[in-house]
Amino acid sequence: MQNTTVIEGESGMFAGRDFVRLLFPAKELPTVYNSTTGWKYEAGRDFRLSPDARVLWLTQDSRIPHVLSADLHPAPETCVFYPEANHNAIAGGVDGAALLFNNQSYFARQQIEIDYITSEYDFPALPRYPDRLQRCKERLHDPKRSCKIVCLGDSITDGFNASGRLDFPPQQPCYAELLGQRLTACCPGEVIVHNLGVNGTSSLAAVQAPERWLPENPDLLLIAYGMNDLRRMSAAEFAGVIRRVIRLAEEANPAVECLLVASMPGNPLWAHTPPAAARAFAAALRELADQEPAAACADVHAVWQELLQRKDFYDLTGNGVNHPNDFGHRVYAETILALILDRTQLNWTR
């Protein structure tokens, strides 16, 4: 991603608090809006910018949605548990309480999007791996060749909770489609992306049903599991499964390269996404990529952890527990794109 002072579509949510932190200090008053509902909010009337230009505060009569702390844990008598229609909760809170949950557009409707210019861009540089994915890079930069990217993964790769995947405004594509669009825009080679992500699957799906993806014969195999594996296996076992996927791909095509995606962390208050396990899984993928000469790791987990140093979990969530929102899908796409294009910074524009 490129070092830029323009920030577009940064998401925030007034969830259990009356402020939203910005990733960077704003040089001037931000533009605040919601692309799902069509609302445009006004400085002074709906929000005010803190003196240090890093925080948006709600005004007393703000029209911006404000989710109360109590609503983040719906009372038992009000819970409609997923997957029931009109659900508002999911079981499995670490303290036994239900968590606010919606797998459609609820969170997008409660969140805001923020455009601004910053004069203090201080996001850490991403690691570069110029010696990895060389065959893929050569194909992408050769106008006479094509590069076929096949994406394996769970519900995040399947597209949840991108607005385009769930058919509500602003209809932004998921990260796999964004990746294809952005590579096509900046690379002369033909870009082909086949997204085979399946909602609810774990990494075992890739080794138990290789006939689903091996015939695709990818030049670059993107492997993005983990969220549904955290409670099913250890980090070492997870790395072992991913290594088996790599071996299957290489046996079918010795020239294939693999891009391992370390998943975003889930809600730390949900028992199915324990933070320690998520950190261990990401570390295991980084180590595996170091050991595999034809692989590289796009560490979305590390990028997300940096985001969470500056923002709240609910600023970035698409469903309340384990899916990214539109902004999060752009972070996924840009983290992967940065690795392929040897960039050290994210592009924060749409």
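The values are calculated or read from the model by the stated rules, or taken from the named source; none is laboratory data. If you're wondering where the values come from, they're calculated on a predicted model, not measured in any experiment. Cβ sites come from the backbone with ideal geometry, for glycine too, and all protein chains shown count toward neighbours.
Values for this structure:
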| item | result |
| --- | --- |
| Residue that is in contact with a helix residue (DSSP H, G or I) (Cβ under 8 Å, 6 or more places away or on another chain) and surrounded by fewer than 20 Cβ atoms within 10 Å (Cβ to Cβ), where the choices are 210, 215 | 210 |
| The range 32-71, residues that are of a type in the set (Val, Ile, Thr) and assigned to a loop (DSSP other than H, G, I, E, B) | 36, 37, 59, 64 |
| Flag for residue 309 being without any contact (Cβ under 8 Å) to a residue 24 or more places away in the chain, of a type outside the set (A, V, I, L, M, F, W, C) and closer than 30 Å to residue 65 by Cβ | yes |
| Residues of the range 145-173 classified as part of a helix (DSSP H, G or I) and in contact (Cβ under 8 Å) with a residue 60 or more places away in the chain, total | 5 |
| Of all residues in the range 267-285 being surrounded by fewer than 18 Cβ atoms within 10 Å (Cβ to Cβ) and not hydrophobic (A, V, I, L, M, F, W, C), the one that is farthest from residue 322 (Cα to Cα) | 279 |
| Filter result for residue 184 (β-branched (Val, Ile, Thr), surrounded by fewer than 21 Cβ atoms within 10 Å (Cβ to Cβ), assigned to a helix (DSSP H, G or I) and in contact with a strand residue (DSSP E or B) (Cβ under 9 Å, 6 or more places away or on another chain)) | yes |
| Options 140, 99, 72; residue that is more than 27 Å from residue 261 (Cβ to Cβ), surrounded by 13 or more Cβ atoms within 10 Å (Cβ to Cβ) and not aromatic (Phe, Trp, Tyr) | 72 |
| Selection count, the range 298-349, where residues are modelled with pLDDT under 95 and hydroxyl-bearing (Ser, Thr, Tyr) | 2 |
| Selection status of residue 107, in contact (Cβ under 8 Å) with a residue 40 or more places away in the chain, surrounded by 14 or more Cβ atoms within 10 Å (Cβ to Cβ) and not in a helix (DSSP H, G or I) | no |
| Pair list, Cβ under 6 Å, 6 or more apart: the range 255-272 residue among the β-branched types (Val, Ile, Thr), other residue assigned to a strand (DSSP E or B) | 256/221; 261/224; 261/298 |
| Unique residue being within 28 Å of residue 83 (Cα to Cα), modelled with pLDDT of 95 or more and surrounded by fewer than 20 Cβ atoms within 10 Å (Cβ to Cβ) when the list is 230, 204 | 204 |
| Residues (of a type in the set (D, E, K, R) and assigned to a strand (DSSP E or B)) located in the range 1-31 | 8, 10, 21 |
| Any hit, the range 301-324, residues being closer than 16 Å to residue 177 by Cα, in contact with a Leu (Cβ under 7 Å, 6 or more places away or on another chain) and surrounded by 24 or more Cβ atoms within 10 Å (Cβ to Cβ) | yes |
| In the range 312-332, residue nearest to residue 20 (Cα to Cα) [restricted to those that are of a type in the set (Phe, Trp, Tyr) and either in contact with a His (Cβ under 6 Å, 6 or more places away or on another chain) or touching a residue at least 60 places away in the same chain (Cβ under 8 Å) (or both)] | 314 |
| Given (1) at negative phi; (2) surrounded by fewer than 21 Cβ atoms within 10 Å (Cβ to Cβ); (3) not aliphatic (A, V, I, L, M), index of the condition residue 257 fails | (2) |
